[in-house]
Amino acid sequence: MTRPLSGEPALIAALARSFGSPPLDVMVGIGDDCAVLDPNGADCLLWTMDTLVEGVHFDLSYISLFQLGRKALTVNLSDIAAMGGEPLYALFSLGWPPARDTAGALALGKGLAQVARDYGTVVIGGDTVASPQGLMLTVAVMGRVPRGEMVPRSGARPGDRLYVTGLLGESAAGLEILKRGLHVDPLLKQALVTAHLEPQPQLQAGRLLARERLATALIDISDGVATDLAHICRASGVGARLDAALVPISFRVWQVAGMLDRNPLDLVLKGGEDYHLLFTSPNEKGEELFLAFARTGLDPPHLLGEIVPGEGVVLSSPKGDTEITGAGYNHFRFDQEYALNFA
Ligand SMILES: [Mg+2]
């Protein structure tokens, strides 16, 4: 009997089974931020694709089409950063509601073009199609990483330290402000809303970690630390201990969490789309790591915890240890809730 798919991981696993094993020149297939191909040259090729769907990933009442174009390319560049690579070329596919003014499509294209220019990528083609059920934008990016420098999700070892390249929960707090129309200080609002609508791909940090071999495992934070760290743990066959006291949370996120009567850690662990890099690094490389970031002019990474033997992600706080594996956002669970609410 065919059982129903319970969520995205199950769907991906089922699809991967039907595709079978990849050929030998595919170094990394399904299950990382990018597919990695070996063309037998100095570089390995990276290939990634992401889709943004109206009503699931964005709401055009608060994101402009220009910002949407920016974000669609940014989330792909973030996946290239998460392998330690640099981007080369981008393709896109745009599902456009016929009722919308095509000037809007041009604004979206300008957003794509701006991010491409800023990060050394070239948009080399695409496809447009009428979409009666809302706007949809898929972007695919090809990149490269020098042979031997690629950082997969699977290299974390017990004893490694766990770091993140920036503050967490800013994007989730910005989304709450937009969704609920919270009245907050304009400067605070601007910082958080910008974090959500105009995230920055951490390409420089990703290259630095790869080039100087400072990371053993690397992923970008798209679905929230709880989910993305669980991906590293599963791929590496290890567990992780997050120290609640070390999690970098700004006063801005504290303030929004207070207005929502929520624990700020909740926004940080379950709220995604920070697009910072989450990585593990051997304990003995700590000094080298901070010196390398300082030398490059990057903000220092934040220590979050450590990799431990076993499995799963645990949050340690003075109240004790809590298992948080799988607490992140799940598009498919969301879809089901949405369907139930409107049945
Ligand atoms: Mg990713």
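The values are calculated or read from the model by the stated rules, or taken from the named source; none is laboratory data. These numbers were taken from a predicted model, which means no experiment stands behind them. No Cβ is skipped: glycine too gets one built from the backbone with ideal geometry, and neighbour counts run over all protein chains shown. Accessible surface is based on the protein model in full, side chains and every heavy atom, while ligands, DNA and RNA are left aside. Shrake-Rupley method; radii C 1.70, N 1.55, O 1.52, S 1.80 Å.
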Principal axis box of the chain, alpha-carbon based, largest edge first, Å: 58, 55, 54
Given springs between every Cα pair under 10 Å in a Gaussian network model of the chain, which of Gly169, Gly69, Gly125 has the largest fluctuation? Gly125
How big is the charge dipole of region 104-256 about its Cα centre, in debye rounded to the nearest 20, if each Lys and Arg gets +1 on its Cβ and each Asp and Glu gets -1 on its Cβ? 300 debye
Region 2-129 - percent of accessible surface contributed by carbon and sulfur, probe 1.4 Å: 60 percent
J(HN,Hα) series, region 77-91, from Karplus relation 6.51 cos²θ - 1.76 cosθ + 1.60, nearest Hz, glycine and proline x: 5, 5, 5, 5, 4, 6, 10, x, x, 10, x, 10, 9, 10, 10
Residue (of Ala226, Pro158, Cys34) at the positive-pole extreme of the chain, dipole from beta-carbon charges: Cys34
Ala191-Thr51 pseudo-label distance in nm [points 7 Å out on the Cα-to-Cβ vector]: 3.7 nm
Within the chain, the percent of DSSP beta bridges that are antiparallel, given to the nearest 5, stands at 75 percent
Based on the Cβ-Cβ distance from Glu323 to Ala13, what FRET efficiency comes out when R0 is 30 Å, to the nearest 0.05? 0.85
Whichever lysines have a C-alpha closer than 24 Å to that of Lys110, once near sequence neighbours (fewer than 8 apart) are set aside: Lys71
Using Cα pairs closer than 8 Å and at least 6 residues apart in sequence, work out the relative contact order for the chain, in percent. 21 percent
Taking the chain as a Gaussian network, Cα atoms linked when under 10 Å apart, which of Ala35, Ala240, Ala191 shows the biggest mean-square fluctuation? Ala191
For region 22-68: accessible area per residue (Å², 1.4 Å): 52 Å²
Dipole of the chain [Lys/Arg +1, Asp/Glu -1 at C-beta], most positive-end residue of Gly69, Ile177, Gly239: Gly69
Kirkwood Rh, Cα atoms: Rg over Rh of region 98-201: 1.05
Looking at the square roots a ≥ b ≥ c of the eigenvalues of the Cα gyration tensor of region 1-135, which shape do they give, rounded for a/c under 1.5, prolate if a/b is larger than b/c, or oblate? oblate
What translational diffusion coefficient, in µm²/s and rounded to a whole number, does the Stokes-Einstein relation yield for region 223-332 at 25 °C and a viscosity of 0.890 mPa s, taking the hydrodynamic radius as the Kirkwood radius over Cα pairs? 163 µm²/s
In debye, nearest 20: dipole of region 1-87 around its Cα centre with unit charges on the Cβ of K, R (+) and D, E (-)? 320 debye
In debye to the nearest 20, how big a dipole does the chain give about its Cα centre with +1 on each Lys and Arg Cβ and -1 on each Asp and Glu Cβ? 180 debye
GNM on the chain, C-alpha springs below 10 Å: top fluctuator among Pro22, Pro318, Pro87? Pro318
For a paramagnetic label modelled at 7 Å from the Cα of Asp243 toward its Cβ, which residues of region 163-177 fall within the zone defined by backbone nitrogen distances under 16 Å? 163-164
